[in-house]
Amino acid sequence: MSGQAPTPPRWAEVLLERLLPDHTRETVAGDLREEYVDGMLPLRGRARARLWYVRQVVSFVPWFAKEGSPMGKILLLVSLFTLACACWLAFMETLLRHPGYAERIGVALAIALICAATILVRMLHVGFRGERWLWAGAAVLIGLGGQAFFRNARAAHFEGFVFVISLLLVLQGVLMLATLGRSGGASVRPLS
């Protein structure tokens, strides 16, 4: 043993702190940590105790989903879906290695980065000074979505997946532009 006291995954604790309101943050986080160390770790072992802790953190997401404007909720859903699609595209391009795959992997990773940044900055209210970069990210998404849409429309064979993703990219970019700078300033707190 290294002599360190066992703790839950740090990333899960930080996420929990972001999801909880100020007035319950210390109490809930402390109670979960205590249950993890004293109850779950000895009973279930490290891997299963960590899984239990992550499940507890995820259980606070419905509370979080009730907060914010309808446009912010739609942005969250579109960002999550687009992030999943971009990761899937990068994975498949890595496996299949069609001609020009490196460029498509780069585009997919750029989309995934913009989606992840959108989720972190706008939805979890992470204290991130680069919100202005999201304006550029929104423009990139609109440009990529528009280009994919028109390329697909002129292609010899129409692909429904590309059509849906291109429209979602444009929608996400427009939603980002519509929500940037709104209701984020007062509730933004630095990530510690």
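Since every read-out is calculated from the coordinates, none of them should be taken as a lab result. Please read these numbers as outputs of a predicted model, since none were measured by experiment. Note: ideal-geometry Cβ built from the backbone for every residue, glycine included; neighbour counts use all protein chains shown.
Cα convex hull, the stretch 10-63: 64 Å³ per residue, rounded to a whole number.
Averaged over residues, the count of other Cβ atoms within 10 Å places the peptides 12-22, 166-176, 137-147 in the sequence 166-176, 137-147, 12-22, highest first. Residues Ser79, Ser69, ranked from the fewest to the most other C-beta atoms within 10 Å, line up as Ser69, Ser79.
Peptides 87-95, 110-118 ranked from most to least packed by the mean count of surrounding Cβ atoms within 10 Å: 110-118, 87-95.
Considering all C-alpha pairs of the stretch 68-179, those separated by over 25 Å amount to 20%. Taking 0.36 nm per residue of separation and subtracting the Cα-Cα distance, full extension of the segment from Leu167 to Met92 would add 24.9 nm. Cβ-Cβ distance of Ala5 and Leu113, R₀ of 35 Å, FRET efficiency by 1/(1 + (r/R0)^6): the value works out to about 0.50.
Once both labels are positioned 7 Å from their Cα atoms along Cα-to-Cβ, the gap between Arg132 and Ala153 label points is 3.4 nm.
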